[in-house]
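> A single structure is presented below for examination.
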Amino acid sequence: MMIDQMKDGYPVAQLCRVLDCPRSSYYARRQFHELPLVVVEAMEAILMRWPFYGYRRILAQLKRQGIQVGERMVRAVLKWLGGSRRVGKVRVQTTDSHHTHPRYPNRIRGLDITVPDQVWVGDITYIRLGRRFIYLAVILDACTRAVRGWALSRSLEQSLTLEALNRALARATPFIFHSDQGVQYASCAHTSLLLEAEVKISMSDKASPTQNGIVERFMRTLKEEHVDYADYRDFDDAFHQLKHWLEVEYMTERVHSSLNYQTPAEFEAAALAGLNPLLSTG
């Protein structure tokens, strides 16, 4: 931080004033970065499981886990996390494959994907919103990388993927729908919707995220190019900002290297018109 680099030659108060940085924010940031990483990660794990815990319960839970820490430190971390979307080494599990629903084979392994709506791919990711997490389900066209449908929710309920799928099916119908084996995708409600539309269902093998690589890479791009720089005030604000990025910036403004540096909208329009040399079968 610039203030840390210059504080030996100038008073901190003067540097904060010139750089328009409140002293309280500077000291809070310093205190956060000086905290033991194990405390921060342990608190994130607690909040992931019990997002409504206050500092007293968090303090008690930390002590139950053998982590001795004071009330002041817990309050400081809570304050910082309230305005941050960093998620240490904590992994929020969005895929629960421990269920009794039928599994489907991987139908896209080795498949030559050459036309729009031949294969759709779906996945779920998490986004920190203050001390809580919200969840985004996205469906992409595997050929054009176009967003076919998406939904945002405060929870991982089955309705999340159903909403995304209904939005996508209102526009088109794929030949194959591919996802992981998570309960949201394997549920009767989700598979019935696909089967009624005469869509073949495909699933990655268990614990094989690379078999859904197209949408996995998309989620990474979303985080790196939008979420990491966004400042969501609340759920509604997150919804509107994500909507703009997904439907406007990503679809019509961001060029894609695998699409010959066209946007998904441009690539798809050319494909449907039979003008895209990348999809030539000659």
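> Show the residues, 5+ positions off or on another chain, whose built amide H is closer than 5 Å to the amide H of Thr263.
Hits under the 5 Å cutoff: His256.
> Could the peptides 68-75, 167-174, 134-141 be put in order, highest first, of the mean number of other beta-carbon atoms found within 10 Å of their residues?
Highest mean packing first, the order is 134-141, 167-174, 68-75.
> Same structure again: Over region 145-207, with the other protein chains present, what is the accessible area per residue in square angstrom, probe 1.4 angstrom?
Accessible area per residue: 42 Å².
> While we're looking at this one, here's another question. Rounding to the nearest 20 debye, state how big the charge dipole of region 143-213 is about its Cα centre with +1 on each Lys and Arg Cβ and -1 on each Asp and Glu Cβ.
240 debye
> Summarise the long-distance tail of P(r) for region 177-270 by giving the % of C-alpha pairs beyond 16 Å.
68 percent
> What residues have an amide H closer than 5 Å to that of Asp123, excluding those fewer than 5 places away on the same chain, when H is modeled at 1.01 Å from N in the peptide plane?
Val138
> Right, next: How much of the pair distance distribution for region 146-226 lies past 15 Å, counting alpha-carbon pairs only, in percent?
Pairs farther apart than 15 Å: 61 percent.
The values are calculated or read from the model by the stated rules, or taken from the named source; none is laboratory data. Keep in mind it's a predicted model, so treat the numbers as computed, not measured. Please note: Cβ atoms are built from the backbone with ideal geometry, for glycine as well, and neighbour counts cover all protein chains shown. When the accessible area is computed, the model is the full protein with side chains, heavy atoms only, and any ligands, DNA or RNA have been set aside. Shrake-Rupley method; radii C 1.70, N 1.55, O 1.52, S 1.80 Å.
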